[in-house]
Amino acid sequence: MTFLDSYQFSPTPGEKEVERRSSPTDDFSDDAYLQWKENSRLDWLWHGFNAGITAHYWDGFHEIRLNDNKHWVRQTWFFDLQASYDFGTRTWTSWAGRFNNGWPKWRYLLDGTRITLGVNNVFDHDPPHSNDNFPRFIYDTTGQFIYASLTKRF
C-alpha cells in the first residue's frame, strides 16, 4: 500500500506551487497522482492445493473537464482469483523410491505437474470514466479474463 501525503509542483520558477495530489498528471487524465494505491494478496496452501485472492485499490482523483468544471473520477477495486493443484515434485531420490511404493503407472505421468485456473477482474468491473473515456495509464481495460495453465517439470 502506498500513501502520497503531498505532491507540490511549480510549473515555472518563481510561480506558486500547486498541490497535485489527487489530480491528473496532464490535461487528458491519462494518469494521476493518487493519494492511495494498494495491492494485497491472501494465499492458502494445503496438501498440494493452493488458492489465492488479490485485491487492487486505486484512489479517485479530481480532474478538470473541458468546460473548466471539476469532476471526481471515483476510486475503484478490482479482484483476481487463482487456484492450483500440484501433483508433486520430482526429485531423483524420491523418484527412485516411488517405483517401490505401489503407485499406479498413470500417477508417474502426473508427477511434477501443476494445474492452475484463474480469473482476473472477477466481477468484470469497468474502470471509472474520465475526460478521455478512462485513465489508460492507471487501469487495465481488459475486463474479465479467465485463464488456465498446465506446467510439467521434468
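Any read-out appearing in this document is the output of simple, stated calculations on the displayed coordinates, not a laboratory observation. Since the structure is predicted, the reported quantities are computational estimates derived from the model, not experimental observations. Here the Cβ positions follow ideal geometry from the backbone for every residue, glycine too, while neighbour counts run over all protein chains shown.
So here's what we get for this one:
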read-out: Local net charge near N50, Cβ-Cβ under 13 Å (Lys/Arg +1, Asp/Glu -1); value: 0
read-out: Computed log₁₀ I(q)/I(0) - Debye formula, equal Cα scatterers, no solvent, segment 8-59, q 0.23, 0.25, 0.29 Å⁻¹; value: -0.91, -0.97, -1.07
read-out: For S10, net neighbour charge (Lys/Arg +1, Asp/Glu -1) across residues whose Cβ lies under 10 Å away; value: -1
read-out: Straight-distance crosslink candidates among lysines, where the alpha carbon sits under 22 Å from K152 and sequence neighbours closer than 8 are dropped; value: K105
read-out: Karplus-derived 3J(HN,Hα), 6.51/-1.76/1.60, for each residue of segment 116-128, Hz, glycine and proline x; value: 10, 10, x, 9, 8, 6, 3, 8, 6, 7, 7, x, x
read-out: Label-point gap, in nm, between T142 and L45 - each point 7 angstrom along Cα→Cβ; value: 2.4
